[in-house]
Amino acid sequence: IGIILGFSSSIYVNLITKETWQGEFQIVLEEMNKSKIDLQDIFKNNFNFSQNARTAINTEVGILKSSSVLMDIYDYAQNENLKFDPKYNEISFDVWKSKLDIKLVNGTSILKIKYKDTNKDIILPVLIKISDTYQSYSLKNDELNLDVENNFYKEQIEFYKKKSNESLANAKSYSDK
């Protein structure tokens with residue numbers, strides 16, 4: 001009786017449970033450009049380059065996991081699921097987010113993103129949307145970094161022009177004496 005009960009309950013669970021599909025991709029996160037770090041850190045006398053790069057990568061991962069980035073993708077997934085199945089019950093953002101697995105591959109700057117869903121037709125579009133969102137964020141971040149660096153270098157040029165002019169004036173004053 002135990003065998004029959006176990007067998008029939010496993011068949012029941014198998015018939016009720018929907019198949020879950022999974023897709024994944026990887027993104028290589030750029031470490032901060034070494035030349036950018038070198039000049040700024042040398043001026044600040046801070047030589048902890050690898051820690052700065054690791055912090056930057058962890059920040060990018062945190063941003064990609066944030067609800068502000070993922071909310072549009074969540075809305076898209078909910079709408080697409082409703083298109084495929086009008087009887088689809090919407091799920092909360094937190095439940096949907098549990099379908100995502102976003103983490104760094106140990107010891108690397110490679111970000112692995114996995115997405116699971118019972119609707120296999122939605123997996124690829126959602127992954128593409130995540131990739132596009134990250135690329136869009138990355139471009140905005142690069143533009144912001146260029147602006148910050150540009151301002152930093154302009155300030156440094158002005159600072160050293162003043163120092164040079166003061167030094168030249170002191171040298172001229174000394175030679176006149």
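The numbers here are math on the coordinates, done by the rules we state, and not lab data. Here the structure is a predicted model, which means the values were calculated and not measured. We place every Cβ from the backbone using ideal geometry, glycine too, and count neighbours over all the protein chains shown.
Values computed for the structure shown
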| item | result |
| --- | --- |
| Low-density loop positions, chymotrypsin sites (Phe, Trp or Tyr not before Pro), the stretch 56-128 - DSSP coil, at most 13 other Cβ in 10 Å | none |
| Cleavage-rule hits, trypsin sites (Lys or Arg not before Pro), the stretch 83-114, DSSP coil, Cβ neighbours within 10 Å at most 13 | Lys87 |
| Cα-Cα over 29 Å, subset of Lys83/Lys116; Lys65/Lys154; Lys103/Lys154; Lys112/Lys154; Lys129/Lys154 | Lys65/Lys154; Lys103/Lys154; Lys112/Lys154; Lys129/Lys154 |
